[in-house]
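All of the numbers you see were taken from the coordinates with simple rules; none came from a lab. These figures come from a predicted structure and were not determined experimentally. Cβ sites come from the backbone with ideal geometry, for glycine too, and all protein chains shown count toward neighbours.
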Amino acid sequence: MDDKDFNRLADAALARIDAALEASGADLDFELAPGGVLEIEFADGSKIVVNRHAVAREIWVAAKSGGFHFRWDGAGWRDTRDGAELMARLSALASQQAGEAVDLA
């Protein structure tokens with residue numbers, strides 16, 4: 001995958017997350033900043049940060065419970081450790097930090 005493909009796929013993933021957060025109705029604030037950094041802030045002040053890492057061609061997620069790296073496998077963004085899909089993992093992480101169900105899938 002070249003830089004152009006990575007940026008296109010990463011932009012689409014971040015836009016999808018942004019739209020899913022908007023539609024979720026969960027008690028959280030979020031902002032997608034230029035450059036591809038998405039910050040999600042919860043009522044308790046904790047955050048999840050989602051950003052692209054162009055050098056590694058991965059999407060990185062930093063949450064209260066740890067850091068996660070997702071790589072494009074040709075069909076979706078998968079966790080490099082256990083193969084979990086990005087939106088499913090992000091839903092679980094957001095639910096954990098929000099203290100309520102947050103469905104982003």
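Shown here: log10 I(q)/I(0) by the Debye sum over Cα atoms at q = 0.12, 0.16, 0.19, 0.20 Å⁻¹, derived from the displayed model; of the candidates [x] -0.35, -0.63, -0.90, -1.00; [y] -0.44, -0.76, -1.02, -1.10; [z] -0.50, -0.73, -0.92, -0.99, it corresponds to [x]. Rank Val49, Ala10, Ser95 by how far each Cα sits towards the positive end of the charge dipole of the stretch 1-100 (+1 on Lys, Arg Cβ; -1 on Asp, Glu Cβ) and give me just the farthest. Ranked along the dipole, the leading option is Ala10. Between Gln96 and Ala23, the FRET efficiency estimated from the beta carbon spacing at R0 = 25 angstrom works out to 0.80.
Label reach from Ala54 (point 7 Å along Cα→C-beta): in the stretch 27-48, amide nitrogens under 13 Å belong to 35-37. A Cβ-based charge dipole, computed about the Cα centre of the chain with Lys and Arg at +1 and Asp and Glu at -1, lands at about 400 debye.
Overall, the stretch 49-105 carries a charge dipole of about 240 debye about its Cα centre when +1 sits on the Cβ of Lys and Arg and -1 on the Cβ of Asp and Glu, all other atoms neutral. Measure nothing fancy, just the Cα-based angle from helix 3-24's long axis to the longest principal axis of the chain, in degrees from 0 to 90, nearest 10. Helix 3-24 and the main axis of the chain meet at about 20 degrees. Between Ala62 and Lys47, the modelled labels are 0.8 nm apart [label points 7 Å from Cα along Cα→Cβ].
Across the chain, C-alpha contacts under 8 Å between residues 6 or more apart give a mean separation that, scaled by the residue count, equals a relative contact order of 20 percent.
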